[in-house]
């Protein structure tokens, strides 16, 4: 399942057993990884349900208990909870343990977590590009990560062995791992993910605000365009806040292109309008469906 | 195949044998309709290919020839060509022939076409809500219309028999037919279709304009949100122009909701941000996939 099975941690604790945390557990099991998986969460009943489904080997709502024996901790709660979680767990970590995450925001968060963990354990930032608007372990799938990309965001302080281990784990789950600086990560994902969510939410609010009946005529185009507006407001308000500067910058870039098209339309300038649409069509045609192309 | 088969026209001419025109022909054949189908287009080679595929019984690039014997003419070229097409065909139409269309814009276009056709034949505006970003008869499918909605836009001048015939045809192809005034149609579809296309095109231009590499990290969220930006710039610049006032109004409505979210984010007002996202999530959840729900 990997070129370096000895790199594999034996005891894994997942903080937050939702879509990503649950899929991580199922994917490890499906690949036959020799791991025991503990789940931590705030809601014991939910953890018990995940345990009953075979996602977890054990579970606890006590963070100290959850960390004590773990070789690897995966942070899979909303990104805005990471700092408090890590601050709380630090002194309970086994020396040399690896703390990693599935968060959609990196940037300054990585250096903060790195600083908190420093002296206790080793932090490696990761962002598996997988998921969707569904949430909860009920939506978890063993093949969620397969064929998708995982961005790992090392810094000069990142422990090389820990980096190799985290890389090996995601590769073993079928992901193409790529390294990026935490800041570049946030610049890129503000544009291709975070800001598009903001646009989708705004578009739904605009259409729903026009009159009550209009949304009833939505076809597949509108449904696809706004599918991500079904995503959790709790999770996504946290992501937008955590990557605020880059999302606002992406918003300024969008405003320019949006007003360019609106102005061409207002001026009945068909040539400029068509040219702007054609630029977008060409750029969009370059975006491949990774799974479909087997890239 | 319908409650009133006698309403069915025997000779049908399709102006523009693309995704919609081609699917109309295939759908009629699949239902066993006793019709002969002539295709008109500018490109003889393309018409011949559609004929070779069994989509057409005959074809011509001569509009007069195309119309002369037709009981029903379906306009399935881009909406901005309808006026010239209809102006050119009028004096060749068989008295009492029905002229109808599949255009995404109605409004004043309907009254103009109605006026042009008046005295020669009978016009009924229709908009089957089906299609997608693909184009050309190669993408045509016999089941394209099945389970989807068709908006028919009669006016006080619409001939009642022609209205019944056009309704019966689309119902026979599995569509749920609904009547709406031409102006209300344009108000609704500016919001759920035309303006969302403009947003998707603008979003792609913004992301592509940031730097060359960013688009390479697009995941399924971005791909779905911008799928409709793959649509034909020729077709969609025409649609946006034809429904300009309503699209610009939808743009103003969007700007307000967009800036509301941007402002909450800039002000780090998490509560307002989350509330705006939650409103969108709730509204989006009310949008059903018609085919999936079997509505």
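Of note:
- In the range A:162-202, the residues that are free of Cβ contacts under 8 Å to residues at least 24 places away in the same chain and more than 22 Å from residue A:253 (Cα to Cα): A:167
- Selection of the range B:101-120 for residues being more than 14 Å from every other protein chain (Cβ to nearest Cβ) and surrounded by 24 or more Cβ atoms within 10 Å (Cβ to Cβ) yields B:101, B:103, B:110, B:113.
- Within the range A:151-173, the presence of at least one residue that is modelled with pLDDT of 95 or more, more than 24 Å from residue A:24 (Cβ to Cβ) and either facing chain B (nearest Cβ under 7 Å) or touching a helix residue (DSSP H, G or I) at 6+ places or on another chain (Cβ under 8 Å) (or both) is confirmed.
- Residue B:28 surrounded by 15 or more Cβ atoms within 10 Å (Cβ to Cβ), assigned by TED's automatic domain parsing to the domain that holds residue B:125 and not in a helix (DSSP H, G or I): no
- Matching option when the condition is farther than 30 Å from residue B:195 by Cα and surrounded by fewer than 24 Cβ atoms within 10 Å (Cβ to Cβ), among B:70, B:87, B:63: B:63
- Elements of the type helices (runs of 4 or more DSSP H) sitting completely within the range A:194-295 and holding at least 1 residues that are at the interface with chain B (Cβ under 7 Å from one of its Cβ atoms) and buried (at least 19 other Cβ atoms within 10 Å of the Cβ): these cover A:195-210, A:220-225, A:233-242, A:244-266, A:270-285.
- Of everything in the range B:182-193 that is more than 7 Å from chain A (Cβ to nearest Cβ), surrounded by 24 or more Cβ atoms within 10 Å (Cβ to Cβ) and in contact with a helix residue (DSSP H, G or I) (Cβ under 6 Å, 6 or more places away or on another chain), the residue that is nearest to residue B:157 (Cα to Cα) is B:186.
- Positions within the range B:122-134 being at pLDDT below 95 and either crowded, with 23+ Cβ neighbours inside 10 Å or under 12 Å from the mean Cα position of the chain (by Cα) (or both), in sequence order: B:129, B:130, B:131, B:132, B:133
The values are calculated or read from the model by the stated rules, or taken from the named source; none is laboratory data. The model shown is predicted, which means the values in this text are computed figures rather than measured ones. Using ideal geometry, Cβ is built from the backbone for each residue, glycine included, and neighbour counts are taken over all protein chains shown.
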